[in-house]
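The values are calculated or read from the model by the stated rules, or taken from the named source; none is laboratory data. None of the values given here were measured: they were computed from a predicted structure. Note that each Cβ is placed from the backbone with ideal geometry, even for glycine, and that neighbours are counted across all protein chains shown. For the accessible areas, the whole protein counts, side chains as well, though only heavy atoms, and no ligand, DNA or RNA atoms are used. Shrake-Rupley method; radii C 1.70, N 1.55, O 1.52, S 1.80 Å.
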Amino acid sequence: MKPPRFPGFLLFLAWLLPVGPAAAQASGVPPETGFTLRETEVRAKPFLDAVPVGKLPERTLVTVTQRQGGWMLVKSPAFEGWVRMLNVRLGNVDSRKNDTSFLSAIGFGRRPGGMPTTTTGVRGFSEEDLKAAKPSPEQLQKMDGFAMPAAAGVQFAAAGRLSSRAVPYVDAAGKPVKGAK
């Protein structure tokens, strides 16, 4: 049996992820600013069992000076210490002032009505890399090879005692859209 082959792009991402944040810190990138999403405990070291040094209230402005794993070393007017990465959002508390990204320049990042969207991306690509990007049918074909046949999915669901359930589409107000499939 041959080991599975991963597309080159996925291997590139696997290489990029451990290197990216460390390289950014080592290259003298200026500190980033952000704010706490909820009341957040600040710790002396980046560990759950580290000594707490205080708590930051929700929406407290912080400066991120270092990252380590899922932790950020932050400075605020009250404390300096480590907080969990998921408790901090980078950017300005006023979301209208955060639309300076490449995607917002071409019209992405906001839905009609001003409701924000969530996007994901990969850091580390330069503007030249993005301009030079070309589709790779071979890589797409490899990815298609990882797809699970429908019958296998049904067997998997039955083995786990899962059942299908219809979930309606909803509009921007969160109300079900009639007739949408």
If each K or R counts +1 and each D or E counts -1, the residues other than THR65 whose Cβ falls under 11 Å of its Cβ total 0
At 1.4 Å probe size, what's the solvent-accessible area of PHE47? Round to the nearest 10 Å².
110
Starting from the 7 Å offset along Cα-to-Cβ, what nm value, one decimal, do you get for the label separation of GLU80 and ARG165?
4.9
On full extension of the chain, what length is gained from LEU130 through ALA158, given 0.36 nm per residue of separation minus the C-alpha to C-alpha distance?
5.8 nm
